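Pasting a structure below so you can have a look.
The values are calculated or read from the model by the stated rules, or taken from the named source; none is laboratory data. Computed from a predicted model, the values in this text were never measured in an experiment. Every residue, glycine as well, gets a Cβ built from its backbone with ideal geometry; the counts of neighbours run over all protein chains shown.
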Amino acid sequence: MRKLGLKTVEEIKAAIEAAVPGAEVELVPNPSPSGQHSLRLKPDRAVEVARFLRDELLFDYLSNVTGVDWPDKEIAEKVKVTRTVTKMVDGAEQAVEETVEETRKRVEPGCLEAVYHLYSVALKQGPLAIRLRTVNRTDQAELPSLTPIWRSAEFQEREIFDLFGIVFTGHPDLRRLLMWDGFKDHPMRRDYVEPDDFEWEPTAHDGVLARTEAHGNRDQGSGIRDQLAKAGQ
Amino acid sequence: MKIELGKQGVLVTTIEELYNWGRRSSIWPMQFGLACCAIEMIATTMARYDLARFGAEVFRPSPRQADLMIVSGTVTKKMAPQVVRLYNQMAEPKYVIAMGACAISGGPFKQGYNVLKGIDRYIPVDVHIPGCPPRPEALMQAFITLQKKIDGQHLTGEGRPRFLDAEAQGEFPVPVEGEHDLEPTSNKGVWPVPVVIR
């Protein structure tokens, strides 16, 4: 287990659960060699947990906030099922128990996630990644804002709101950061549909070529030169 | 004849030559930059490359006093309406150099959601410079190319400059920030969609 300066992630998790009742912190393991395990917090207790992390565990520096889009995932599992089958045994029909492997599919609903990277400058420890998950990706994409705890989250939460569409409740000034106000989409989501402006791709290949061909020859040759040529006829 | 008279100290010229000489010799660029190409543009104006040698004497911070718009860098979809508006505010005669891969086509950000695929979709561009970013020499080359282009223009007839053509388009429509993209996505009068030949 990687040491986080003075405390391991497990120790931090235990400290949070001891200090904040009902926090229900979930440890998200990271199997890679870096072993940077993260903590998933329950959104309704996140502000209290964050305040505890800042004030008691001295995580005084929030370096990065980022968003993740988890689309609906279909998971295929192999399950062993026991069932009764009628079979011919020794010339007579008998009910025999049989174990069969069956593939079952279930859909894990998608959600949006905000990841906060914390450091403690005072204790020289970190990074500690904490994650918050929304209920779903459409109508319940709300998370509590941690801007009241770490001021540096303000612009980054605005950016996540802009690009992923997570609504941070309690944010002092939640407006779009990069795109204009009238913009309706969230470009970093997996289901974002790009505007169809593939009318002119001189060196298209792969996906861009497919988009260009799908675009067809719509609007082509409608420029001023063609209009002048038509007028001259 | 002209040269012979010149040797005798008599200067003979035409109105057209004099006019074009005046136009090409004092092209003042507008002082604005959009991205990293602007750093190269600044380097071009400084002592080492000294764009002032070619008549780009001063960069004017006001579009009313500028003749040349150097679109130096990535034009995001959020910035494009402002660029077109600035171009509209410039007084004729006015010229545009699209500097760098982003300004001519979108460059490395071409398939992104937020970058315009070339400023020539909205305003007429006189000279395109490829490069990421182009070196100051490339910008000076573009500037000289523009001067040659001005020198070759006739004041009357088919190929006369836009500001001498009463029927030519003077103001260019500023795109509106729509719900999904800029509207319209290009000015078809300026940028007829090229027919793709494969």
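Has segment B:186-198 got at least one residue that is within 14 Å of chain A (Cβ to nearest Cβ), of a type outside the set (D, E, K, R), part of a helix (DSSP H, G or I) and surrounded by 15 or more Cβ atoms within 10 Å (Cβ to Cβ)?
Of the residues in segment B:186-198, the ones within 14 Å of chain A (Cβ to nearest Cβ) are B:186-198.
Then drop every residue that is not of a type outside the set (D, E, K, R), which leaves B:186-187, B:189-197.
Filter once more, so that each one left must be part of a helix (DSSP H, G or I): none.
Scanning segment B:186-198, I find no residue that is within 14 Å of chain A (Cβ to nearest Cβ), of a type outside the set (D, E, K, R), part of a helix (DSSP H, G or I) and surrounded by 15 or more Cβ atoms within 10 Å (Cβ to Cβ), so the answer is no.
With the condition kept exactly as written, say whether any residue in segment A:181-188 is touching a Lys or Arg at 6+ places or on another chain (Cβ under 9 Å), modelled with pLDDT of 75 or more, closer than 15 Å to B:G112 by Cβ and more than 7 Å from chain B (Cβ to nearest Cβ).
Checked against the condition, which is being touching a Lys or Arg at 6+ places or on another chain (Cβ under 9 Å), modelled with pLDDT of 75 or more, closer than 15 Å to B:G112 by Cβ and more than 7 Å from chain B (Cβ to nearest Cβ), segment A:181-188 yields no hits at all.
So that you can scan it fast, the table gives a plain yes or no per residue for (1) within 13 Å of another protein chain (Cβ to nearest Cβ); (2) of a type outside the set (D, E, K, R); (3) surrounded by 14 or more Cβ atoms within 10 Å (Cβ to Cβ); (4) not in a loop (DSSP other than H, G, I, E, B):
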{"residue": "A:Q156", "(1), (2), (3), (4)": "no, yes, yes, yes"}
{"residue": "A:E159", "(1), (2), (3), (4)": "yes, no, yes, yes"}
{"residue": "A:M179", "(1), (2), (3), (4)": "yes, yes, yes, no"}
{"residue": "A:A210", "(1), (2), (3), (4)": "yes, yes, no, yes"}
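Sticking with this one: Based on this model, can you work out whether A:A122 counts as touching a Leu at 6+ places or on another chain (Cβ under 7 Å) and in a loop (DSSP other than H, G, I, E, B)?
Working: touching a Leu at 6+ places or on another chain (Cβ under 7 Å): yes; in a loop (DSSP other than H, G, I, E, B): yes.
So A:A122 passes the test.
Just one of the numbered conditions (1) assigned to a strand (DSSP E or B); (2) touching a helix residue (DSSP H, G or I) at 6+ places or on another chain (Cβ under 7 Å); (3) in contact (Cβ under 8 Å) with a residue 60 or more places away in the chain is not true of A:R131; which one?
(2)
Is there a residue in segment B:7-14 that is assigned to a helix (DSSP H, G or I), surrounded by fewer than 22 Cβ atoms within 10 Å (Cβ to Cβ) and touching a Phe, Trp or Tyr at 6+ places or on another chain (Cβ under 6 Å)? Working first, answer last.
Narrowing segment B:7-14 to residues assigned to a helix (DSSP H, G or I): B:7.
Imposing the further condition that a residue be surrounded by fewer than 22 Cβ atoms within 10 Å (Cβ to Cβ) reduces the set to B:7.
If we keep only those that are touching a Phe, Trp or Tyr at 6+ places or on another chain (Cβ under 6 Å) too, we end up with none.
No, segment B:7-14 contains no residue that is assigned to a helix (DSSP H, G or I), surrounded by fewer than 22 Cβ atoms within 10 Å (Cβ to Cβ) and touching a Phe, Trp or Tyr at 6+ places or on another chain (Cβ under 6 Å).
So, B:E183, is that one without any contact (Cβ under 8 Å) to a residue 12 or more places away in the chain, within 13 Å of another protein chain (Cβ to nearest Cβ) and under 23 Å from B:A80 (Cα atoms) or not?
On the way: without any contact (Cβ under 8 Å) to a residue 12 or more places away in the chain: yes; within 13 Å of another protein chain (Cβ to nearest Cβ): yes; under 23 Å from B:A80 (Cα atoms): yes.
Yes: the conditions hold for B:E183.
Of everything in segment A:161-171 that's out of contact with any helix residue (DSSP H, G or I) (no Cβ under 7 Å at 6 or more places or on another chain) and closer than 16 Å to A:A50 by Cβ, which residue is farthest from the other protein chains (Cβ to nearest Cβ)?
So, considering only residues that are out of contact with any helix residue (DSSP H, G or I) (no Cβ under 7 Å at 6 or more places or on another chain) and closer than 16 Å to A:A50 by Cβ, the one farthest from the other protein chains (Cβ to nearest Cβ) is A:G170.
Out of (1) within 14 Å of another protein chain (Cβ to nearest Cβ); (2) of a type in the set (A, V, I, L, M, F, W, C); (3) farther than 28 Å from B:E40 by Cα, the odd one out for B:L164 is which?
Single failed check for B:L164: (1).
While we're looking at this one, here's another question. Go through segment B:168-180 and count every residue that is within 11 Å of another protein chain (Cβ to nearest Cβ) and either surrounded by 12 or more Cβ atoms within 10 Å (Cβ to Cβ) or farther than 20 Å from B:G118 by Cβ (or both). Spell out the reasoning first.
Of all residues in segment B:168-180, those within 11 Å of another protein chain (Cβ to nearest Cβ) come to B:168-169, B:176-180.
Now drop any that are not either surrounded by 12 or more Cβ atoms within 10 Å (Cβ to Cβ) or farther than 20 Å from B:G118 by Cβ (or both), which leaves B:168-169, B:177-180.
Here the count works out to 6.
Going through B:I27, B:I39, B:I104 one at a time, which residue ends up being assigned to a helix (DSSP H, G or I), in contact with an Asp or Glu (Cβ under 9 Å, 6 or more places away or on another chain) and either among the aliphatic types (A, V, I, L, M) or over 24 Å from B:P136 (Cα atoms) (or both)? So that I can check it myself, show each step before the final result.
Working: B:I27 fails: assigned to a helix (DSSP H, G or I); B:I39 fails: in contact with an Asp or Glu (Cβ under 9 Å, 6 or more places away or on another chain).
Result: B:I104 is the single residue among B:I27, B:I39, B:I104 that is assigned to a helix (DSSP H, G or I), in contact with an Asp or Glu (Cβ under 9 Å, 6 or more places away or on another chain) and either among the aliphatic types (A, V, I, L, M) or over 24 Å from B:P136 (Cα atoms) (or both).
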